[in-house]
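Below is one structure; the comments refer to it alone.
The values are calculated or read from the model by the stated rules, or taken from the named source; none is laboratory data. All figures in this text were calculated on a predicted structure; none of them were measured in a lab. No Cβ is skipped: glycine too gets one built from the backbone with ideal geometry, and neighbour counts run over all protein chains shown. Quick note on the areas: whole protein, heavy atoms, side chains included, nothing else; ligands and nucleic acids left out. Shrake-Rupley method; radii C 1.70, N 1.55, O 1.52, S 1.80 Å.
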Amino acid sequence: MTGRRGYLRRDHPRSAWFYLDASWEETLRRHAGRPQRDEFGAAQMRQWYRPLDLLPDRCETVIAEDSALETTVRRVMREAGLVPPRPTPSDDASADPPGDGDPSAPA
């Protein structure tokens, strides 16, 4: 892979890549709500728009346009390694105070 994205992948191997799979109609709807909406319009955007324009090695996680914001944020945070993994039962046990687990037992 060449270009800027290739350098990013090479220099930052722990990177996470995401692609929002938005239809043309959804792209236009979202653009209408952006502060930059008057800087360029549908005609220019049509020249740029490529449905499912993924990188050659398909490294992106594809997110559907109907994915709820909260679900999408959780997924991105998890897949990008920005949140700790969920504790396992053995992790929970290590947080117990010393003793046999009986809160009335002396430590």
Next on the checklist: For the structure I just gave you, tell me whether V73 is touching a Phe, Trp or Tyr at 6+ places or on another chain (Cβ under 9 Å) and open to solvent by less than 90 Å² (accessible area, probe 1.4 Å).
Outcome noted: no
Checklist entry - Do the conditions hold for P51, that is, is it touching a helix residue (DSSP H, G or I) at 6+ places or on another chain (Cβ under 8 Å), in contact (Cβ under 8 Å) with a residue 12 or more places away in the chain and loosely packed, with under 12 Cβ neighbours inside 10 Å? => result yes
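Take the conditions within 26 Å of E79 (Cβ to Cβ), surrounded by fewer than 13 Cβ atoms within 10 Å (Cβ to Cβ) and of a type in the set (K, R) and apply them to R34. Does it pass? Break it down into steps so the answer makes sense when it comes.
Details: within 26 Å of E79 (Cβ to Cβ): yes; surrounded by fewer than 13 Cβ atoms within 10 Å (Cβ to Cβ): yes; of a type in the set (K, R): yes.
Here the answer is yes, as R34 does meet what is asked.
Quick check on the stretch 81-89. Is at least one of its residues closer than 17 Å to R9 by Cβ and at pLDDT 90 or above?
There is no residue in the stretch 81-89 that is closer than 17 Å to R9 by Cβ and at pLDDT 90 or above.
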